[in-house]
Amino acid sequence: MPTGSLFASSSRRFRLARPDGSTAGVTGFILAALTALALVTTSPLLPMVWDEGDALDRADAVRGWFSAFASPERLPPPLTEEGLRRGWPFTTTREGHPAFYGLVIALGRELAPSFLDPLTRYRFGPMLLFALACGVAAAKVARHWGPLAAAAAGLGILLQPRLFAHAHFASFDGPLTACWLLTWAVLPEDRSTLSVSRRVPMVRLVLCGTALGLTMACKASGFLAAIPVLISLTLIFGRRACLPVGIVMAVAAAVFYAVNPPLWAHP
């Protein structure tokens, strides 16, 4: 059989093997759960790294800021300028890292099971976020190319040596990568997204803007993620790109502002 015919036949079988949406969702869920299990299990093997000490202090400040709402007698009040400065040492202070990664660490620390070691409890939020991103990305791959391709993509992301390490750490690079993966995974893929009557595709634009805003809110370099998103939307929608670009960027800006409380006092 000629090589071209063999390739075409294999390609047809491969396309026919693509799962439906529910199967892709199950594939993504399984990969997310396995990723979370792998990260939590191996976390005690990785010692604390340079960036984590400072990130943990900042996350504790965020936890204290939320606790202040339950203790009105504590000064300063959390929504005052001084309260925001103490509770959110990000964005407009020190080197200026945005605040979302600190919120992820703080929330994960509160949700982490008590049987985990102290450092892993601080790492719990970033690890879960990374596992979620791997699962959502794998589900997208599974929808297009099947579960085997999704498994290969998930393992390819997780087992990059440096990325595997950063996915554990209670710092900014893991959440940054996770939010960027989520941005890609929910990026619209066809022009039907412009149809206002189709609510689900329109929601994807909002989800894309949300993920992009969170990417930018993890680290200053996250702003670079806006460039490929703009290019992709322009290539997909062509002359009609103004609406989707406007929606995505407006949502991203709103999300960035919402998760950076230091900007509430000094926009």
Look through Leu214, Leu235 and report the one residue that is aliphatic (A, V, I, L, M), over 26 Å from His166 (Cα atoms) and in a helix (DSSP H, G or I).
-> Leu235
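Quick check on this structure: which one of Ala165, Ala142, Ala99 is surrounded by fewer than 18 Cβ atoms within 10 Å (Cβ to Cβ) and small (Gly, Ala, Ser)? Please lay out each step first, then the result.
Numbers: Ala142 fails: surrounded by fewer than 18 Cβ atoms within 10 Å (Cβ to Cβ); Ala99 fails: surrounded by fewer than 18 Cβ atoms within 10 Å (Cβ to Cβ).
Result of the check over Ala165, Ala142, Ala99: Ala165.
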Please determine, by comparing only the residues of region 66-82 that are free of Cβ contacts under 8 Å to residues at least 60 places away in the same chain and in a helix (DSSP H, G or I), which one is nearest to Leu155 (Cα to Cα).
-> Phe66
Among the candidates Ala178, Ala112, single out the residue that is closer than 30 Å to Trp88 by Cα, under 11 Å from the mean Cα position of the chain (by Cα) and of a type outside the set (D, E, K, R).
-> Ala178
Residue satisfying all of: in region 39-55; modelled with pLDDT of 95 or more and buried (at least 19 other Cβ atoms within 10 Å of the Cβ); nearest to Leu119 (Cα to Cα) among these = Ser43
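Counting only residues that are surrounded by fewer than 20 Cβ atoms within 10 Å (Cβ to Cβ) and touching a helix residue (DSSP H, G or I) at 6+ places or on another chain (Cβ under 7 Å), which one in region 255-267 is farthest from Gly213 (Cα to Cα)?
Within region 255-267, the first condition is being surrounded by fewer than 20 Cβ atoms within 10 Å (Cβ to Cβ), and the residues that meet it are 257-258, 263-267.
Filter again for touching a helix residue (DSSP H, G or I) at 6+ places or on another chain (Cβ under 7 Å), leaving 257, 263-265.
Values: Tyr257: 9, Leu263: 14, Trp264: 16, Ala265: 19 Å.
This residue is Ala265.
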Expected output for region 155-169 (first residue within 17 Å of Gly135 (Cβ to Cβ), partner among the β-branched types (Val, Ile, Thr), Cβ below 6 Å, 6+ apart or cross-chain) is Leu158/Thr35
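Just checking, how many residues over region 35-60 are assigned to a helix (DSSP H, G or I) and free of Cβ contacts under 8 Å to residues at least 40 places away in the same chain? Write out each step before concluding.
Residues of region 35-60 assigned to a helix (DSSP H, G or I): 35-45, 50-60.
When the remaining residues are screened for being free of Cβ contacts under 8 Å to residues at least 40 places away in the same chain, the result is 37, 41, 45, 50, 53-54, 57.
Of the residues in that region, 7 qualify.
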Look through region 108-124, keep the residues that are in contact with a Phe, Trp or Tyr (Cβ under 9 Å, 6 or more places away or on another chain) and assigned to a helix (DSSP H, G or I), and return whichever of them is nearest to Val259 (Cα to Cα).
-> Gly108
Just for region 168-192: of the residues that are closer than 18 Å to Thr210 by Cα and among the aromatic types (Phe, Trp, Tyr), which one is surrounded by the most Cβ atoms within 10 Å (Cβ to Cβ)?
-> Phe172
Of the residues in region 242-254 that are surrounded by 19 or more Cβ atoms within 10 Å (Cβ to Cβ) and not β-branched (Val, Ile, Thr), the one that is nearest to Leu176 (Cα to Cα) is Ala252
The one condition Leu235 fails out of (1) more than 30 Å from Ala61 (Cβ to Cβ); (2) touching a residue at least 12 places away in the same chain (Cβ under 8 Å) is (2)
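The values are calculated or read from the model by the stated rules, or taken from the named source; none is laboratory data. These figures come from a predicted structure and were not determined experimentally. Glycine also receives a Cβ, built like all others from the backbone with ideal geometry; neighbour counts cover every protein chain displayed.
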